[in-house]
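Below is one structure, written out as structure tokens, with a few remarks after it.
The values are calculated or read from the model by the stated rules, or taken from the named source; none is laboratory data. All values derive from a computational prediction rather than experimental measurement. All Cβ positions, glycine included, derive from the backbone under ideal geometry; neighbour counts span all protein chains shown. What goes into the accessible areas is simple: the full protein's heavy atoms, side chains included, and nothing from ligands, DNA or RNA. Shrake-Rupley method; radii C 1.70, N 1.55, O 1.52, S 1.80 Å.
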Amino acid sequence: MNKIIGIFILSIFLFSCSSNLDFNQVNDLKLEPVIISNLATFDVPANQFVINGAEQSVFFDTETFDVFRDTFFNTSLVKTDLYFEIDNTINRAYTIDMYFLNGSNSNLYTVSFNIPAYTGVENLVTQTEIFENAKLDVLKKTRKIAFKVTMLPGPALTESSPGSLKLRSSATVYLVVQ
């Protein structure tokens, strides 16, 4: 009796309803992932603006930025939001210029920040740059990012001056994969 019931159950599974599968549906697949990543960061203590007792009013640094060399990433990218947060706890005002450079070190795009001097209350400057359409094409040509930090006139800094200038940034990347 157990064998007959087993054969009956097995035959139900073998003769169950099925339909034709349409594997061409994969051609209609459209993925739209969103990726959030850190972009750049620095934390410069006030005493690093003083070298051998003399204030240094301009600092310059360049970082390689070659994420767009990947063909898949480059063709799938439809929009990028760059978010910047700068916290100044030094009693001096600053300007920060961020240059997007191509492979020949020519400037393609500039983002500028005016950072007020610290006065004892939170001094957070935020800014979002949105890259899409023609502006996104400029970002895709970027191979380096250069930072120029300029200290503006104000009270003298010494090697024991408190505070720091901090930059944190992130990128939100929107892709379409078909």
* Asked: Given charges of +1 on the Cβ of Lys and Arg and -1 on the Cβ of Asp and Glu, with all other atoms neutral, how large is the dipole of segment 111-174 about its Cα centre, in debye to the nearest 20?
  -> 360 debye
* Structure fact -> Within the under-11-Å Cβ sphere about residue 77, not counting residue 77, Lys/Arg +1 and Asp/Glu -1 give a net charge of -1
* Accessible surface, the chain, averaged per residue in Å² (probe 1.4 Å) -> 64 Å²
* **Mean residue ellipticity (222 nm) of the chain, computed from DSSP H runs ≥ 4 via -39,500 (n - 2.57), nearest 500** => -4000 deg cm²/dmol
* **Degrees between helix 2-14 axis and first principal axis of the chain (Cα, 0 to 90, nearest 10)** => 60 degrees
* **Sequence of 122, 32, 132 from largest to smallest accessible area, 1.4 Å probe** => 122, 32, 132
* Asked: With all pairs of different alpha carbon atoms counted, what Kirkwood hydrodynamic radius in Å does segment 73-151 show?
  -> 14.0 Å
* How high is the FRET efficiency between residue 111 and residue 29 when r is their beta carbon distance and R₀ equals 35 Å, given to the nearest 0.05? -> 0.45
* Asked: What FRET efficiency, computed as 1/(1 + (r/R0)^6) with R0 = 41 Å and r the Cβ-Cβ distance, is obtained for residue 62 and residue 121, rounded to the nearest 0.05?
  -> 0.80
* Structure fact -> Projected onto the charge dipole of the chain (unit charges on the beta-carbon of Lys, Arg, Asp and Glu, signs +1, +1, -1, -1), the Cα from 7, 20, 38 with the largest positive-side position is that of 7
* Fraction of accessible area attributable to carbon and sulfur, segment 88-149 (%, probe 1.4 Å) -> 46 percent
* Roughly speaking, what % of Cα-Cα pairs in the chain are separated by over 29 Å, rounded to a whole number? -> 45 percent
* **Sequence-distant lysines (8 or more away, or on other chains) whose Cα lies within less than 16 Å of residue 140** => 79
